[in-house]
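> Below is the structure I would like to discuss, written out as structure tokens.
The values are calculated or read from the model by the stated rules, or taken from the named source; none is laboratory data. Every value quoted in this text rests on a predicted model; they were computed, and no experiment measured them. Don't worry about glycine lacking a Cβ; one is built from the backbone with ideal geometry, like all the others, and counts go over all protein chains shown. To get the accessible areas, we keep the full protein, side chains included, count just its heavy atoms, and leave off ligands, DNA and RNA. Shrake-Rupley method; radii C 1.70, N 1.55, O 1.52, S 1.80 Å.
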Amino acid sequence: MAEDLKYAVEMRGVTKRFGDVLANDSISLAVESGSIHAIIGENGAGKSTAMNILYGFYAADSGEILIDGQARSIQNPGDAIRLGLGMVHQHFMLVEPLTVTENIILGSEPGSSFAIDFKQARARVRELSEQYGLRIDADARIEDLSVGQQQRVEILKTLYRGAQILILDEPTAVLTPQEVVEMFAILRSLRDRGKTIIIITHKLAEVLALSDRITVMRDGRVVGNISTREATAEGLARLMVGREVLLRVEKTDAHPKDAILVVNNLSLESSTVHGSLNDVSLEVRAGEILGIAGVEGNGQTELIEIIAGLRPQTRGEILLEGKSIDRLDPRRRKNLGIAHIPEDRHRRGLLLDFDLAANSILGVHRNSPLSGAVLLNEQIIAERANRLVREYDVRPPNIALPARALSGGNQQKLIVAREFDINPKLILVSQPTRGVDIGAIEFIHKKLIELRDAGAAILLVSAELDEILSLSDRVLVMYEGRVVGEVDPRSVSEEEIGLMMTGGKR
Amino acid sequence: MDITDILNLSLLASMVRLSTPLVLAALGGMYSERGGVINIALEGIMLAGAFTAAAVTARTANPWIGLVSAAIAGLLVAAIHAVATIQFKADQVVVGTAINILFLGVPALASGAMFGSTGSTPQLPREQTLPDWNIPGIDSIPILSQLFSGHKPIVYLAILMVPASWYVLYRTRFGLRLRAVGENPEAADTAGVSVARMRYAGVLMSGVLAGIGGAYLSIGQNSLFTRNMTAGRGFIALAALIFGKWHPVGASLACLLFGLAEAISIRMQGVVSIPVQFIQLIPYVLTMVVLAGFIGRATPPKAIGVPYVKEK
Ligand SMILES: Nc1ncnc2c1ncn2[C@@H]1O[C@H](COP(=O)(O)OP(=O)(O)OP(=O)(O)O)[C@@H](O)[C@H]1O
Ligand SMILES: [Mg+2]
């Protein structure tokens, strides 16, 4: 009996094609019941696809799935739910205008066909959230919750349906460091209560800290299956990418020159503390990277968007090489040499239904030779797009695909390629490596240093403190819309900067 | 002229009557659009319902059979819409427009074949149209009796459908799932809800309700079908739906407003010395003003108009 239940999930020879792309190439995978099993691999390796097949969201072309030792046919998510599977997707699957309770019960509502028993539903949601320490207001609307809270709703959703096997697709990509710590505590306690957990992540430190076993995928195939006790970060990186990967940033000291960007007393009024700016002044010089550390939601997003021209400031001025750019629209700013890598690539970075070629010219689409007086120059655009896709290793390298068909990391590479290619004087970078695999992180970091050394001024915002400290030459700390101090990234301690980020010290 | 010639209790009673087809069509549209399918075909569905009701009643001499047939006709026309937009993922506005154009012509053709006249169906004797119902209890209360008694049964159906639709949308499984599908079909799908099934249900319900709304025109308010007798009411219902923020109560209140405009315009004809064509414009101008001033501020269901395709 105990033997039978050894594996909660087994996938055997599962294959899936999307058009020309072989997303899963006969993959096999076994997950011990009551364990935390990590799946890692580069962007586009096929991790999400494999899990979506297990969850019945996509149909496999061939292959077999066993749950608790029995072969099962999982045609749709309903089947998966009945078999005790629950999945938290990479992009949340929540209905924003509905309440927490409504989202959790959707599809498995208590009561009769004629009346949902909301009282029972609410009580059950409260009970579950207490039982697993997932504090959440059962009556709040999803659109009013932070991403961390939304994720808890997703987990509660699976628990409510009685999930014994939880699949989490990059659950930590959007969380603050504090939320990640809480999340891990929750996952460990779930495992200790006998649940089986499958987690996809790009962060090797998390894999090593949390998981019991690791499956590594590359190019649609499973290339490794190891016990976490025997794994090292370097070894995993090599398996994932197929070559040695530099896990640290290597750079020489900066040699800053003239000031490129000067921001004077920038303020933004807003009804909430989050989203306001208060008298922010800063300067970024040619050949340096200025990092902005801070817990997300303390004005970093607004600062970057104002400089990029995406929203107007209330007061203050912005100078590029000594000239005011306050009155220019985003396209004109871009043509002056301001590149922008936005934090939300779906909303600000790409037109998801347009092809890669069209996406590769956004912002420079009026410039010659890409465009003539009236018509776009399709051939030159295609040549340039092909070159970018090759240089920046966007996969699959087919410029006729819609941006939507790329995995998250490859979408990011496309944006980076487009923005870096304009020979920017100033680069505004927000969360450049969110959801991006280690090979691509190495690549993007190297590129940023290269551009710095070539004389670009770089303003970097990231929720990853490590990223800020290892890339930046100088670091400002923001809290509640103000710059609360400057630190030297080479000597500052994590405690000290952490205290500043939470308003403890100024 | 005295202002009380226009503004009096019987004006409000006629507002209730004139709003009825609008309320039914708007509530129908709500079920479709809350599920994520734009239903611009309400006009064509109403025409199909109006014609079927009049034609079947003319043949059977029974308005109840005519009414049920109108509901079925609405259902069938909506089924064309549903199959094209949900099954074959055709553009919803294009399909709706095609249906509207089709049912501008089909009734004339059928009427010509059945009754030898393409312009209208035969005039029904009064006893073959839907009866007026007095509501016991209310018919003895002075003001209420004038407003809420002595109407055709479809008027009461429309009144009942308002709270019923609210209940269905916000208190039942069906309503929750329908709203989820209209906002975020992927989320509903991953929660084990069939997106296609919910959307079919929403569109088909819109057919039944708009079909009945059409029947009210031909065998309730009038006693025959004439060419294009809906005169844009399907579109006005759509406007009311937007103005009412896709909410059953809001949409119905908006319908009352449009019904009032129509009632006033009917009253004014012959009373004031403005050419009748201008007076008849009132409800349409009101629709445009309301939509122009309002349309940006109403947030539609997020997935509206987008066919659900998960593997591209
Ligand atoms: N719905 C889809 N339609 C077409 N192609 C798809 C679809 N989903 C995924 N693909 C393709 O399948 C491959 C595997 O994608 P998948 O999303 O599984 O990668 P992943 O390992 O989860 O990557 P990431 O770490 O970036 O999330 C990619 O090449 C991707 O472009
Ligand atoms: Mg993925």
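> Counting just the residues of the range A:393-410 that are within 14 Å of chain B (Cβ to nearest Cβ) and near ligand 1 (Cβ under 8 Å from one of its atoms), which one comes out most open to solvent (accessible area, probe 1.4 Å)?
A:ARG404
> Additional query: Name the single residue, out of those in the range B:125-144 being in a helix (DSSP H, G or I) and touching a residue at least 60 places away in the same chain (Cβ under 8 Å), that is nearest to the other protein chains (Cβ to nearest Cβ).
B:ILE143
> Against the conditions (1) within 14 Å of chain B (Cβ to nearest Cβ); (2) closer than 13 Å to A:GLY41 by Cβ, where does A:VAL207 fall short? Just the number, please.
Against the list (1) within 14 Å of chain B (Cβ to nearest Cβ); (2) closer than 13 Å to A:GLY41 by Cβ, A:VAL207 comes up short only on (1).
> Also: Tell me which of these B:VAL309 doesn't satisfy, since it passes every other one: (1) more than 14 Å from every other protein chain (Cβ to nearest Cβ); (2) modelled with pLDDT of 85 or more; (3) not in a helix (DSSP H, G or I).
(1)
> Restricting attention to the range A:81-117, report how many residues are more than 21 Å from B:PHE174 (Cβ to Cβ), at the interface with chain B (Cβ under 8 Å from one of its Cβ atoms) and crowded, with 24+ Cβ neighbours inside 10 Å.
Number satisfying all stated conditions: 1.
> Any idea which of (1) within 14 Å of another protein chain (Cβ to nearest Cβ); (2) open to solvent by less than 60 Å² (accessible area, probe 1.4 Å) is the one A:ARG141 doesn't satisfy?
(2)
> Filter the strands (runs of 3 or more DSSP E) completely within the range A:417-506 down to those with at least 1 residues that are touching a residue at least 40 places away in the same chain (Cβ under 8 Å) and surrounded by fewer than 22 Cβ atoms within 10 Å (Cβ to Cβ).
Result: A:474-479, A:482-487.
> Examine the range A:340-358 for a residue that is buried (at least 17 other Cβ atoms within 10 Å of the Cβ), over 21 Å from the mean Cα position of the chain (by Cα) and in a loop (DSSP other than H, G, I, E, B), and state whether such a residue exists.
No, the range A:340-358 contains no residue that is buried (at least 17 other Cβ atoms within 10 Å of the Cβ), over 21 Å from the mean Cα position of the chain (by Cα) and in a loop (DSSP other than H, G, I, E, B).
> Something else now. Does B:GLY29 satisfy the condition of being open to solvent by less than 10 Å² (accessible area, probe 1.4 Å), part of a helix (DSSP H, G or I), modelled with pLDDT of 95 or more and closer than 18 Å to B:CYS255 by Cβ?
When the stated conditions are applied, B:GLY29 passes them.
> May I ask you to list the residues in the range B:180-189 that are within 7 Å of chain A (Cβ to nearest Cβ) and open to solvent by 10 Å² or more (accessible area, probe 1.4 Å)?
B:GLU183, B:ASN184, B:GLU186, B:ASP189
> Give me the helices (runs of 4 or more DSSP H) completely within the range A:52-164, filtered to those with at least 2 residues that are within 16 Å of ligand 2 (Cβ to nearest atom), ordered by residue number.
In the range A:52-164, the matching helices (runs of 4 or more DSSP H) lie at A:147-160.
> Looking at B:LEU176, B:LEU160, B:LEU147, which is the one that is in contact with a helix residue (DSSP H, G or I) (Cβ under 9 Å, 6 or more places away or on another chain), away from chain A (no Cβ under 11 Å) and either of a type outside the set (Lys, Arg) or surrounded by fewer than 24 Cβ atoms within 10 Å (Cβ to Cβ) (or both)?
B:LEU147
> Would you be able to tell me the number of residues in the range A:262-292 that are at positive phi and part of a strand (DSSP E or B)?
The total comes to 2.
> Which ones in the range A:1-29 are of a type in the set (A, V, I, L, M, F, W, C) and in contact (Cβ under 8 Å) with a residue 60 or more places away in the chain?
A:LEU5, A:ALA8, A:VAL9, A:PHE18, A:VAL21, A:LEU22, A:ALA23, A:ILE27, A:LEU29
> Only one of these conditions is not met by B:LEU204: (1) under 21 Å from B:THR97 (Cα atoms); (2) open to solvent by less than 40 Å² (accessible area, probe 1.4 Å); (3) away from chain A (no Cβ under 14 Å); (4) at pLDDT 95 or above. Which number is it?
With respect to (1) under 21 Å from B:THR97 (Cα atoms); (2) open to solvent by less than 40 Å² (accessible area, probe 1.4 Å); (3) away from chain A (no Cβ under 14 Å); (4) at pLDDT 95 or above, B:LEU204 is out only on (2).
> OK, next. Before we move on, is A:ASN225 surrounded by fewer than 19 Cβ atoms within 10 Å (Cβ to Cβ), assigned by TED's automatic domain parsing to the domain that holds A:GLU442 and modelled with pLDDT of 90 or more?
No: the conditions fail for A:ASN225.
> Does A:LEU236 fit the bill of being open to solvent by less than 70 Å² (accessible area, probe 1.4 Å), in the same structural domain as A:GLU321 (by TED's automatic domain parsing) and either more than 19 Å from A:ALA463 (Cβ to Cβ) or in contact with a strand residue (DSSP E or B) (Cβ under 7 Å, 6 or more places away or on another chain) (or both)? It would help to see each step written out before you state the result.
Numbers: open to solvent by less than 70 Å² (accessible area, probe 1.4 Å): yes; in the same structural domain as A:GLU321 (by TED's automatic domain parsing): no; either more than 19 Å from A:ALA463 (Cβ to Cβ) or in contact with a strand residue (DSSP E or B) (Cβ under 7 Å, 6 or more places away or on another chain) (or both): yes.
No.
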